[in-house]
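Structure, as structure tokens:
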Amino acid sequence: MGMPTWMWVEPTETTYGPATATATAGAVTVTATAEVTSIRWDMGDGQAPVVCHGPGTGYQPSLGITASPDCGHLYQHPSTSEPSHRYTVTATSTWTITWQAEGAITDQGEWTETRTSEQTIAVGEAQALTS
């Protein structure tokens, strides 16, 4: 029962990291690096969110109907009873930013930020015919 759904992000500097920037002011240079440490996927169907600790694996049609090896979800019902007949999927990425200051001041630290995006998807129902 259900259809496997694969979730993934194409890793780039701006979508997954790492992204590094350096700035100098006077005798102090600060370098910061940001990288996604997890993505929380709320699939819009009332089931528990899926938390993935990597970018996921991109689906290829040659794989057929199979579950994702590292970041997937199984919809139990079609989206026909939802507004616009679609589920709203919300992906919340948690970015960990580490920084280091060198020069006249030496220090370092870390903090996290989250970014959220939404997409709607239609989930249909497939039925097998027998003769």
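The values are calculated or read from the model by the stated rules, or taken from the named source; none is laboratory data. Keep in mind the model is a prediction, meaning the values are calculated, not measured. No Cβ is skipped: glycine too gets one built from the backbone with ideal geometry, and neighbour counts run over all protein chains shown. SASA here: full protein model, heavy atoms, side chains in, ligands and nucleic acids out. Shrake-Rupley method; radii C 1.70, N 1.55, O 1.52, S 1.80 Å.
Per-structure values
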item: Failed criterion for Thr22 (all others in (1) within 20 Å of Thr120 (Cα to Cα); (2) exposed (fewer than 13 other Cβ atoms within 10 Å of the Cβ); (3) among the hydroxyl-bearing types (Ser, Thr, Tyr); (4) at pLDDT 95 or above hold); result: (1)
item: Qualifying residue in region 105-117 (condition: of a type in the set (A, V, I, L, M, F, W, C) and either closer than 16 Å to Thr29 by Cα or modelled with pLDDT under 95 (or both)); result: yes
item: Verdict on Glu125 being part of a loop (DSSP other than H, G, I, E, B), of a type in the set (Asp, Glu) and either open to solvent by 30 Å² or more (accessible area, probe 1.4 Å) or farther than 20 Å from Thr15 by Cα (or both); result: yes
item: Among the residues listed as Thr66, Thr94, the single one being among the hydroxyl-bearing types (Ser, Thr, Tyr), modelled with pLDDT under 95 and open to solvent by less than 80 Å² (accessible area, probe 1.4 Å); result: Thr66
item: Flag if Gly58 is surrounded by 13 or more Cβ atoms within 10 Å (Cβ to Cβ), of a type outside the set (A, V, I, L, M) and part of a loop (DSSP other than H, G, I, E, B); result: no
item: All positions within region 3-44 that are in a strand (DSSP E or B) and more than 28 Å from Thr106 (Cα to Cα); result: Met3, Pro4, Thr5, Trp6, Ser38, Ile39, Arg40, Trp41, Asp42
item: Of the criteria (1) out of contact with any Pro (no Cβ under 7 Å at 6 or more places or on another chain); (2) closer than 26 Å to Glu13 by Cβ; (3) part of a loop (DSSP other than H, G, I, E, B), which one Gln47 fails; result: (2)
item: Some residue of region 2-16 being within 22 Å of Thr96 (Cα to Cα), among the β-branched types (Val, Ile, Thr) and open to solvent by 80 Å² or more (accessible area, probe 1.4 Å); result: yes
item: Odd one out for Gln119 among (1) in contact (Cβ under 8 Å) with a residue 40 or more places away in the chain; (2) part of a strand (DSSP E or B); result: (1)
item: Test: residue in region 25-38 that is closer than 22 Å to Thr5 by Cβ and among the hydroxyl-bearing types (Ser, Thr, Tyr); result: yes
item: Any hit, region 88-104, residues being of a type in the set (Asp, Glu) and touching a residue at least 40 places away in the same chain (Cβ under 8 Å); result: yes
item: Positions within region 78-89 being exposed (fewer than 15 other Cβ atoms within 10 Å of the Cβ) and either at negative phi or part of a loop (DSSP other than H, G, I, E, B) (or both), in sequence order; result: Thr80, Ser81, Pro83
